[in-house]
Amino acid sequence: MFNLILFGPPGAGKGTQSEKLIEKYQLIHLSTGDILRSEIAEGTELGLKAKEVMDLGELVPDEVVIAMIKSKLEANASAKGFIFDGFPRTTAQAEALDALLEELGHPITIMLALEVSESELIKRLLNRGKNSGRPDDQDEAIIQNRINEYQNKTAPIKDYYSLQGKFRAIEGIGSIDDIFNRLCSQIDLIF
Ligand code: AMP
């Protein structure tokens, strides 16, 4: 299995690049944000609870997203590999993911981190908010909250994977294809 964490702050381009990567490498895309939004669209109890937190730009509790990922991994046990997008977002999530993958016998292969300046992120997210219908993309204070959550709780995970020798930084500025090619050149070294 090839297990990739596509890492980066909100607006770094993880979703866009994941779509291209799953097509090229035949991997399964696991985005906790997408799963949570589909729970909201279905009006489930979990969705209703998560929406309150998501609309503020804060993180959903670890146990909620870990359980989601666990069930997706179990449902796709014969996959060629996974792209984790928006997960893990805390050290506790990273540790839980390692434990789940250890059970499968297929650890994380690599973490590729898209690096984009904060001013560019805010610009991209406000722009996306015009079409996405996502309430958390339409208010600059909420966007700033999401970036703060990323800086405080999520960015430290880089060290967790660096210690395992799995962290690679990728410049996340430029055309979609240029960024895609940068990701592919790292992946092709080990795929
Ligand atoms: P995203 O689509 O990845 O930007 O996620 C949108 C929102 O969903 C985030 O701002 C969080 O409120 C929530 N969320 C998504 N993934 C996670 C996660 N791994 N841990 C906690 N909250 C998450």
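The values are calculated or read from the model by the stated rules, or taken from the named source; none is laboratory data. As the structure is a prediction and not an experimental result, all values here were calculated from the model. Neighbour counts run over all protein chains shown; Cβ positions are idealised from the backbone, glycine included.
Among ILE142, ILE187, which is the only one that is surrounded by 13 or more Cβ atoms within 10 Å (Cβ to Cβ), among the aliphatic types (A, V, I, L, M) and within 24 Å of ALA94 (Cα to Cα)? Lay out the reasoning, then the answer.
Values: ILE142 fails: within 24 Å of ALA94 (Cα to Cα).
Within the list ILE142, ILE187, the selection yields ILE187.
Starting from segment 48-69, keep only residues that are in contact (Cβ under 8 Å) with a residue 12 or more places away in the chain, then list their pairs with residues that are more than 8 Å from the ligand (Cβ to nearest atom) and among the polar types (S, T, N, Q) whose Cβ atoms are within a distance under 7 Å, requiring at least 6 positions of separation or different chains.
These pairs meet every condition: LEU56/ASN145; GLY57/ASN145; GLU58/ASN145.
Against the definition (within 12 Å of the chain's Cα centre (by Cα), away from the ligand (no atom under 11 Å from the Cβ) and of a type in the set (Phe, Trp, Tyr)), how does PHE2 come out, yes or no?
Criteria not met by PHE2.
Which ones in segment 55-87 are more than 10 Å from the ligand (Cβ to nearest atom) and within 12 Å of the chain's Cα centre (by Cα)?
Within segment 55-87, PHE82, ILE83 meet the criteria.
Six or more apart or on different chains, Cβ under 9 Å: which pairs go from a residue in segment 171-191 that's among the polar types (S, T, N, Q) to one that's surrounded by 11 or more Cβ atoms within 10 Å (Cβ to Cβ)? Could you list them?
Final answer for the pair search is GLN186/ILE110; GLN186/LEU112; GLN186/ARG168; GLN186/ILE170.
Counting only residues that are under 24 Å from ASP98 (Cβ atoms), modelled with pLDDT under 95 and in contact with a Lys or Arg (Cβ under 8 Å, 6 or more places away or on another chain), give me the helices (runs of 4 or more DSSP H) lying completely in segment 27-83 with at least 1 of them.
Ranges flagged: none.
Here are the criteria: (1) more than 17 Å from the chain's Cα centre (by Cα); (2) in a helix (DSSP H, G or I). Tell me which single one TYR150 does not satisfy.
Result: TYR150 passes all but (1).
How many residues are within 11 Å of the ligand (Cβ to nearest atom) and part of a helix (DSSP H, G or I) when one looks only at segment 88-120?
Number satisfying all stated conditions: 5.
Please work out which residue is surrounded by the most Cβ atoms within 10 Å (Cβ to Cβ), limiting yourself to segment 16-38 and to residues that are of a type in the set (Asp, Glu) and farther than 17 Å from ARG89 by Cβ.
Restricting attention to segment 16-38, the residues satisfying the condition of being of a type in the set (Asp, Glu) are 19, 23, 34.
Subsequent filtering for residues that are farther than 17 Å from ARG89 by Cβ retains 19, 23.
On the way: GLU19: 14, GLU23: 10.
Here the residue is GLU19.
Show the residue pairs that are 6+ apart or on different chains and have beta-carbon atoms under 7 Å apart, the first residue being within segment 30-43 and farther than 19 Å from GLY13 by Cβ, the second being charged (D, E, K, R) and at pLDDT 95 or above.
Short answer, once both residue conditions are applied: ILE40/LYS51.
Taking the criterion of being within 13 Å of the ligand (Cβ to nearest atom) and of a type in the set (A, V, I, L, M), would at least one residue in segment 126-138 satisfy it?
Scanning segment 126-138 turns up no residue that is within 13 Å of the ligand (Cβ to nearest atom) and of a type in the set (A, V, I, L, M).
Since TYR150 meets every condition but one in (1) away from the ligand (no atom under 12 Å from the Cβ); (2) more than 23 Å from SER185 (Cα to Cα); (3) surrounded by 13 or more Cβ atoms within 10 Å (Cβ to Cβ), which condition does it not meet?
TYR150 satisfies all of (1) away from the ligand (no atom under 12 Å from the Cβ); (2) more than 23 Å from SER185 (Cα to Cα); (3) surrounded by 13 or more Cβ atoms within 10 Å (Cβ to Cβ) except (1).
Tell me which residues, restricted to segment 39-54, are within 8 Å of the ligand (Cβ to nearest atom) and crowded, with 16+ Cβ neighbours inside 10 Å.
Within segment 39-54, ALA50, MET54 qualify.
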